[in-house]
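Report on the following structure.
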Amino acid sequence: MRRPTRSHSSRLFARARRVLPGGVDSPVRAFGAVGGEPPFIERARGARIRDVDGRTYIDYVMSWGPLIHGHAPADLTRALRSAAGRGTSFGAPTAQEVELGRLVCRLVPSVERVRFVNSGTEATMSAIRVARAATGRERIIKFAGCYHGHGDAFLVQAGSGATTLGVPTSPGVGRATAADTLIANYNDLASVERLCRAQRGAVAAVIVEPIAGNMGVVPPAAGFLEGLRKLCDRDGSLLIFDEVISGFRAAKGGAQAVYGVRPDLTCLGKIIGGGLPVGAYGGRADLMALVAPDGPVYQAGTLSGNPLAMTAGIWALSNLSAHLYRRLAALGERLADGLRSAAGEAGIPLTVNVAGSVLTPFFTAGPVTGYAAATASDTAAYAAFFRGMLRRGVYPPPSQFEGWFLSAAHSERDVDRTIRAARSALAEVAAGGD
Ligand SMILES: Cc1ncc(COP(=O)(O)O)c(C=O)c1O
């Protein structure tokens, strides 16, 4: 009897598991929350990815946010080839760092000085260090379900992959570290106020995703961000916006430009690197003056500001336009509306939260305004829906608690095809099939 032939992806996954934990370099990629095995991706262009077995998908992961201009734009790859030919890293200053730095300071309202690092995780860890040094205080307040990378201080009730895996508070985080991280509820100012009152004089910073993205997309309620600003001002704590997702995605100036609230420090990542590994933290000049070598707060990086990453970032930020944001928001609404009506036809309770070009269909009647409501979603139904979409040539995020990312390369036709796939996948879910 002939055994069914395994796909190339499946063989690669088996091989990967022998050398990489779980076969991947970032947990959510292993499809643990949705079942099945991940396709291994060979190439991508525009809004499409192709796996090693030759199947193509309309991509809504988009590398988890960086690719607002789509996969492999020709002008960007040309610029990268040219930059690589001149050297990939010098460990010495370059003109490109100055150019990207000037762009960031011009675009992001609160950023007067910026330091480039290699990931969002580095950005948030470093921003907290600055906040502690500036205030002489140890504690931080974060929000349940917000994710700020995998630094110890943030892996307490974290969102994203940590929520997906069911380990929002990771083993390995020291008790003392966890004790300095206080947890409030997103969109619930009273929960912050209670912590501030109990901890008066001890809180270095409140860190928040101004548009939550890692419990799925949850926009801030009216007055929430303004309220955080007031509480921080009253108590002498710093307000840190983690705009790793929302930076350059909510608007050119990020969520702080949209909501008109000025944080003291801002963390950036994803789009700022145009698909290469870049993060950044920045903010008030007096705070950033604490960073070495201007000041005593140590933070360094062998590959920080390397010319390839800077080239990609300059290209990505230089090609943002008001027209792009209008178009992306229209596509976001079109997709959200289509998913809502497809769910309505199938009789499946679905709440679609949308913030411009990023959205999450939560499998719950909603509304979803915070972590408790988000985690009330039917994750088994999402998993079945996900598998149905994948079979139909659409690649949504392999977790209920993530955003779907649109890009300049997505067309109305792509969105309409996605909605048709959703209609059929949701009908299948409603019928109990998979
Ligand atoms: C809001 C937010 N902050 C920080 C991070 C960490 O960034 P990185 O994965 O580049 O370390 C992420 C990653 O998804 C994020 O969404």
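Points to keep in mind about this one:
- Within the chain, helix-based [θ] at 222 nm, where runs of 4 or more DSSP H residues each add -39,500 (n - 2.57), nearest 500: -12000 deg cm²/dmol
- Residues whose amide H lies under 5 Å from that of Asn353, counting only those 5 or more places away or on a different chain, are Thr360, Phe362; hydrogens are built 1.01 Å from N in the peptide plane.
- Accessible surface, per residue, of the chain when the full set of protein chains is kept, probe 1.4 Å, Å²: 42 Å²
- Angle in degrees between helix 224-235 and the longest Cα principal axis of the chain, rounded to the nearest 10: 30 degrees
- Gaussian network model of the chain, Cα within-10 Å springs - most flexible of Leu239, Leu107, Leu12: Leu12
- Here Lys270 is the anchor, and the lysines within straight C-alpha reach of less than 20 Å, apart from those fewer than 8 places off in the same chain, are Lys252.
- Over all directions, the projected convex hull of the C-alpha atoms in region 265-403 averages 11.9 nm² in area.
- Counting protein heavy atoms only, the chain has 52 percent of its accessible area on carbon and sulfur, 1.4 angstrom probe.
- Exposed trypsin sites (Lys or Arg not before Pro) absent: longest stretch of the chain, with sites in DSSP loops and at most 14 other Cβ within 10 Å deemed exposed: 201-434
- Largest-first ordering by accessible area, 1.4 Å probe, given options His71, His323, His148: His323, His71, His148
- Thr169-Val98 FRET efficiency (beta carbon distance; Förster radius 45 Å; 0.05 resolution): 0.65
- Cα-Cα separations in region 368-434 greater than 13 Å, expressed as whole percent: 66 percent
- Rounded to whole Hz, the Karplus (6.51, -1.76, 1.60) HN-Hα couplings of region 185-202, x for glycine and proline: 9, 4, 6, 10, 4, 4, 5, 6, 4, 4, 5, 4, 5, 5, 10, 3, x, 10
- Stokes-Einstein D for region 36-104, Kirkwood Rh over Cα pairs, 4 °C, 1.567 mPa s (µm²/s): 89 µm²/s
- Around Gly65: net Lys/Arg minus Asp/Glu count, Cβ-Cβ under 13 Å: -3
- Stokes-Einstein D (µm²/s) once Rh is taken as the Kirkwood radius of the chain over alpha-carbon pairs, at 25 °C in 0.890 mPa s: 110 µm²/s
- When the alpha-carbon atoms of region 74-318 are used, the pair Rg, Dmax equals 17.5, 57 angstrom.
- Taking every protein chain into account, the 1.4 Å probe leaves Met125 with about 80 Å² of accessible area, to the nearest ten.
The values are calculated or read from the model by the stated rules, or taken from the named source; none is laboratory data. Everything numeric here is computed off the predicted structure, so don't read it as measured data. All Cβ positions, even for glycine, are placed from backbone atoms using ideal geometry, and neighbour counts span all protein chains on display. To get the accessible areas, we keep the full protein, side chains included, count just its heavy atoms, and leave off ligands, DNA and RNA. Shrake-Rupley method; radii C 1.70, N 1.55, O 1.52, S 1.80 Å.
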